[in-house]
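Q: What follows is a single structure, and I will ask about it in a moment.
Since every read-out is calculated from the coordinates, none of them should be taken as a lab result. Treat the numbers as computed from the prediction; the structure is a model and nothing was measured. Don't worry about glycine lacking a Cβ; one is built from the backbone with ideal geometry, like all the others, and counts go over all protein chains shown.
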């Protein structure tokens, strides 16, 4: 599990600010903590989930899939005690864009290409329409805790840890696609949360049945196979 620390200093009469520890390499942790910590700032929750077929805009494609972790994540493995970090419980933040991104050096607008996926359950994300989707990887927020110091506890140190789920796959999109199924990405981990194996599982028939039940026949879900980059 990778960790970092951030400091929020509270000053009377000023907007609450967040200071980065500049030697931190994993920018994604800053992203996750910024979303999670209402005391230090807020950020987009990523791409919205599709609730009905009419939600899908002309410039969007529904990306359907699942992320699994084996053994499954337990509640005790996530110490989420700051701000609104509880929203990350049992979820992974996945990045799908038009190019392979360095997960240690993500752009500030990465939220436009990120989705929050509940582990072990299908997601139905409304993604920006592209000719292909590149899956750069995911992160699971495992720790978000805080300690105070300084005069009247003005300095708040945020401790953040994450589990890294590697990517490096792409999915081709046809010009007339409105919804694509990318399958289940199953990650196997050891006792140190290092990923030892990655599997892609195609449950299209089952998922397509769920898709039709939830969204009707207005949208056709096409099965897309991953390509290793």
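Q: Tell me, what is the FRET efficiency for residue 132 and residue 192 to the nearest 0.05, using R0 = 41 angstrom and their Cβ-Cβ distance as r?
A: FRET efficiency, residue 132 to residue 192: 0.75.
Q: Quick check: residue separation of residue 54 and residue 102 times 0.36 nm, minus the Cα distance between them. What number comes out in nm?
A: Result: 13.9 nm gained on full extension.
Q: Can you bin the range 62-139 into rounded, prolate or oblate? Criterion: square roots of the alpha carbon gyration tensor eigenvalues sorted a ≥ b ≥ c, rounded for a/c under 1.5, prolate for a/b above b/c, oblate for the rest.
A: prolate
Q: What's the exposure ranking of 157, 82, going from fewest to most Cβ atoms within 10 Å?
A: Starting with the residue having the fewest Cβ neighbours, the order is 157, 82.
Q: Let me ask something additional. Which FRET efficiency value, to the nearest 0.05, do you get for residue 200 and residue 84 by plugging their Cβ-Cβ distance into 1/(1 + (r/R0)^6) with R0 = 41 Å?
A: Calculated transfer efficiency: 0.80.
Q: If packing is taken as the mean number of other Cβ atoms within 10 Å per residue, what is the order of 132-142, 117-127, highest first?
A: Ranking the peptides 132-142, 117-127 by packing returns 132-142, 117-127.
Q: What nm value, rounded to one decimal, do you get for the distance between residue 74 and residue 228 when each label is placed 7 Å out toward the C-beta?
A: 3.3
Q: Please work out the C-alpha center-to-center distance from the range 65-86 to the range 175-207 and express it in whole Å.
A: About 18 Å separates the Cα centre of the range 65-86 from the one of the range 175-207.
Q: Another one. Using the 10 angstrom Cβ neighbour count as an exposure proxy, how do 154, 66, 186 rank, fewest first?
A: 154, 186, 66
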